[in-house]
Each structure stands twice: as structure tokens, then as C-alpha cells.
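Notes for the one structure printed next.
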Amino acid sequence: MKRILTALVLLTGLFGAGGAVWAGDSDPRAEYLEWLKRAKQGDTRAMLWLADRLEYGHVGVTKDLVAAHMWENI
């Protein structure tokens, strides 16, 4: 019984800590700048990502419909 409880405590700690890291430890501004760099290099996926973020004003990105339209139509 003691082994089972110890294993549960360890697993709970591992998954609990990992969940916080996986939940979005990234910096939204740095992520935006990386996608912007890729879009300027011609990465179509990055262009669409930027258009989506700019159209809806996702976390870390100010809503800008003109810029969103530009990235969608390059």
C-alpha cells in the first residue's frame, strides 16, 4: 500500500508540473516575431498564422484587420 501511495504522489507531481509547462510557457511576443520572420521569408503557413492572429487579436497580438487582409492575400 505504501508503494502505491508513493507512486501516486510521484506521478501526480510529475504530471502536475509538466502540465504547467505544456500549457503555454512560451512568450507570445517572441512567438509572434518568429512567425513574422518566417512569413517575411515566404512561409505560407506563417502568413496564414499571422493573418488569423491579426484578424482575431489573439493573445499577444493586437487586432489589425488591414494587416490580416494583407497576409491572407499575398
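The values are calculated or read from the model by the stated rules, or taken from the named source; none is laboratory data. Predicted model only: the values in this text are computed from it and were never measured. Cβ placement follows ideal geometry from the backbone for every residue including glycine, while neighbour counts extend to all protein chains displayed.
The table below gives the values:
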| quantity | calculated |
| --- | --- |
| Of residues in region 44-74 being of a type in the set (S, T, N, Q) and not in a helix (DSSP H, G or I), the one surrounded by the most Cβ atoms within 10 Å (Cβ to Cβ) | Thr62 |
| Residues of region 26-43 that turn out to be loosely packed, with under 14 Cβ neighbours inside 10 Å, of a type in the set (D, E, K, R) and not in a helix (DSSP H, G or I), as a count | 1 |
| Every residue from region 7-61 that is at pLDDT below 85, touching a helix residue (DSSP H, G or I) at 6+ places or on another chain (Cβ under 9 Å) and of a type outside the set (A, V, I, L, M) | Gly60 |
